[in-house]
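Beneath this line is the structure, given in structure tokens, with notes to follow.
The values are calculated or read from the model by the stated rules, or taken from the named source; none is laboratory data. Keep in mind that this is a model prediction, so the values were computed, not measured. Every residue, glycine as well, gets a Cβ built from its backbone with ideal geometry; the counts of neighbours run over all protein chains shown.
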Amino acid sequence: MEIWQHWWVWVAAGGVLAILEVMVSGYVLLGFAIGAVLTGLLIALGVLGDWMSPMVLVFAIASLAAWLILRRIFGLPRDRVKIIEHDINEN
């Protein structure tokens, strides 16, 4: 059995990516971490077989979906730049 066929490898990779997310902002690595953990859970439940193709496909789709959800929840506010039209020191 190859190393990528073990569920704990995917979950451990997700944990490492979640830890790296603390150092890098933007929720990019967190999306990959969620995708890796979800893939590991599906392998542990026996939903995914021993083939690499379904594992990578599930990982990619889950990572993209997680990133989009995180971007929707924690994304930038609509008004990104605040324009100040008057000086508070003027009388």
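Any idea which residue in region 1-39 is surrounded by the most Cβ atoms within 10 Å (Cβ to Cβ), counting only those that are at pLDDT below 90 and within 11 Å of the chain's Cα centre (by Cα)?
By that ranking, first place goes to Tyr27.
Find all pairs meeting these conditions: Cβ atoms under 6 angstrom apart; at least six residues apart or on different chains; first residue within region 36-57 and in contact (Cβ under 8 Å) with a residue 40 or more places away in the chain; second residue surrounded by 19 or more Cβ atoms within 10 Å (Cβ to Cβ) and charged (D, E, K, R).
none
Looking at Leu42, Leu70, Leu64, which is the one that is modelled with pLDDT of 90 or more, under 10 Å from the mean Cα position of the chain (by Cα) and of a type in the set (A, V, I, L, M)?
Of the residues listed, the single one that is modelled with pLDDT of 90 or more, under 10 Å from the mean Cα position of the chain (by Cα) and of a type in the set (A, V, I, L, M) is Leu64.
Looking at (1) under 20 Å from Ala12 (Cβ atoms); (2) surrounded by 13 or more Cβ atoms within 10 Å (Cβ to Cβ), which is the one condition that is false for Asp50?
Every listed condition holds for Asp50 apart from (2).
Of the conditions (1) modelled with pLDDT of 90 or more; (2) over 13 Å from the mean Cα position of the chain (by Cα), Asp79 fails just one. Which one is it?
Of everything listed in (1) modelled with pLDDT of 90 or more; (2) over 13 Å from the mean Cα position of the chain (by Cα), Asp79 misses just condition (1).
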